[in-house]
Amino acid sequence: MSSEITEFIDALRSGTMSLEEVASRFRQRSWPRIKKPEPETYLELAAAAQEDPEPYIPGSFDDVVAAYDQGKLTDDEYEVLSEAVAQSKRTEDQRNN
């Protein structure tokens with residue numbers, strides 16, 4: 001499944017974009033999030049542990065993780081891109097608060 005994220009990673013692999021260019025794009029975009037309430041009690045925590053994982057969301061950080069798992073990103077590239085995503089989310093959180 002192709003998304004903007006997979007296209008950026010493919011461009012990184014092919015050499016048409018540098019790691020810093022991809023990271024810059026990651027910092028500039030909005031990332032989809034799933035907000036579930038945090039468990040507050042031991043019983044809620046135990047119930048949450050039994051739930052299925054969240055579904056795959058194309059165009060989300062899931063694409064970055066999948067690329068890393070498939071060997072399309074090195075450890076260093078994954079670290080840089082993960083930090084770029086985190087920076088984008090922190091900036092968005094600051095704007096919303």
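Of the options (i) 36, 29, 29; (ii) 50, 33, 23; (iii) 35, 33, 23, only one is Cα extents along the principal axes in Å as computed from these coordinates, and that is (ii).
Phi angles of region 20-29 translate, via the Karplus equation with coefficients 6.51, -1.76, 1.60 and θ = phi - 60°, into HN-Hα couplings of 5, 5, 5, 4, 4, 4, 4, 5, 8, 9 Hz per residue; Gly and Pro are given as x. In this label model, Asp93 and Asp52 are separated by 2.9 nm, measuring between points 7 Å along each Cα→Cβ vector.
For Lys36, a cut-off of 14 angstrom between C-alpha atoms picks up these aspartates and glutamates, skipping any fewer than 8 places away in its own chain: Glu44, Glu51, Asp52, Glu54. Normalised by the number of residues in the chain, the average gap of Cα pairs under 8 Å and 6 or more apart makes the relative contact order 43 percent.
Read-outs throughout are calculated quantities, based only on the coordinates presented, and are distinct from any laboratory measurement. The structure presented is a predicted model; accordingly, all values stated were derived computationally and were not measured. All Cβ positions, even for glycine, are placed from backbone atoms using ideal geometry, and neighbour counts span all protein chains on display.
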